[in-house]
1. Magnitude of the Cβ-charge dipole of the chain, K/R +1 and D/E -1, about the Cα centre, nearest 20 debye?
2. Suppose accessible area is computed on protein heavy atoms with a 1.4 Å probe; arrange 86, 116 from highest to lowest.
3. Rank 300, 274, 262 by how far each Cα sits towards the positive end of the charge dipole of the range 233-333 (+1 on Lys, Arg Cβ; -1 on Asp, Glu Cβ) and give me just the farthest.
4. Charges at C-beta only: +1 for Lys and Arg, -1 for Asp and Glu. How large is the resulting dipole of the range 107-238 about its Cα centre, in Debye rounded to 20?
5. Over the range 221-333, give the accessible area per residue in Å² for a 1.4 Å probe, as an integer.
6. So for the chain, averaging the separation of alpha carbon pairs under 8 Å that are six or more residues apart and normalising by length, what relative contact order in percent results?
7. With +1 on each Lys and Arg Cβ and -1 on each Asp and Glu Cβ, and nothing else charged, work out how big the dipole of the range 226-293 is about its Cα centre, in Debye to the nearest 20.
8. Of the listed pairs 37/149; 49/206; 92/164, which have alpha-carbon separations greater than 24 Å here?
Amino acid sequence: MQQKNQSKLTMKKFLLLTVAACSLSLSLMGQVVAHGKLQPLHVDGKYLKDPYGNKVVLHGVMDTPSPYFNNNRWGNSATDGNVSACVNYFNKLFVALTDSTSGAYCNLFRLHLDPCWTNNNSASWTQDDRESGTGEANISHYDPSRLKKYMKTVYWKITNQAMKHGLYVIMRPPGVCPGTIYVGGSYQKYLLNVWDIVTQNDSVLKYYGQVGIELANEPVSVKNADGSESDRTLHDFFQPIVDKIRANVFKGIIWVPGSGWQMNYRPYAKYPITGDQIGYAVHDYVGWYDTNDDHYDHDNAIKKFGESIPIVRTNPIAITEVDWSPYKAGTGH
């Protein structure tokens, strides 16, 4: 599996993202806003559809409510005093992203539930030694009480503003996966706690057709509890999280990641995630799927993508991170 430059995990610019109606070609765009209301979406086979049966393709961007990654535009801390300024900044952002008079036609926003709001340096969340991570992969200071608090005052406020501007929202959890995670390990327990809290939020439950959930960001290596790996491992790691979310009566679309920084979905062809409203969240970067600046035959790219992501033939996919820019000597892409 090709290594991914970890700096891409925390890029300071927007990353384009798209939800394909999951054949290897795109379907027609549905009418996602009707009668002044953002229409709820559901999974129908490999497609997203609106209540009228139209196939829908979404396209948009991602960002994170972190002061650091937004150049401290609303202050330099994730504290109560900066909540309003943060939410107001994102409202301005959504105005620009949906301004068709300027050529912007976004209808999707991927929201990072950034750990700057959920971490508390005095908190202590158990992180197994073999799953230890640094930076945003470090969950040792995760504080569930802060997630509950800022789910209402920050994350949902931003989500609500996005929906008012005609944007569907995919939420991803705070931080990134450690290099190796295990079935039954501390990171699985962390994700269970995060999504249990999020999907008990009344607003998330109410707007399930407009808000989706991406279970994790960029699992690299996923192992069984004993350190082995099999075709069932990805299923056994993520199925309990899906079951927890459904137990909370969240009926919206759940976007399931693969391993290898979200480019390996082969095991799901044999052991798919079970249940309704299931899609898969995929990433696409330079050099992946046998495609790069010097090797860019589109037919081959589509073929290799299908080999790595076989569930594209059975379920919707969301390409929640994609970046492709020219290589410049000395500065990279």
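The values are calculated or read from the model by the stated rules, or taken from the named source; none is laboratory data. It should be emphasised that the depicted structure is a prediction, and the values quoted were computed from it without experimental measurement. Cβ sites come from the backbone with ideal geometry, for glycine too, and all protein chains shown count toward neighbours. Surface accessibility is based on the protein's heavy atoms, side chains included, excluding ligands, DNA and RNA. Shrake-Rupley method; radii C 1.70, N 1.55, O 1.52, S 1.80 Å.
1. Around 860 debye, computed over the chain.
2. Result of the area sort, largest leading: 116, 86.
3. 274
4. So the dipole magnitude of the range 107-238 works out to roughly 720 debye.
5. 44
6. Answer for the chain is 19 percent.
7. Numbers: 6 positive and 9 negative charges, 76 e Å.
The calculation lands at about 360 debye.
8. Where the Cα-Cα span goes over 24 Å, the pairs concerned are 37/149.
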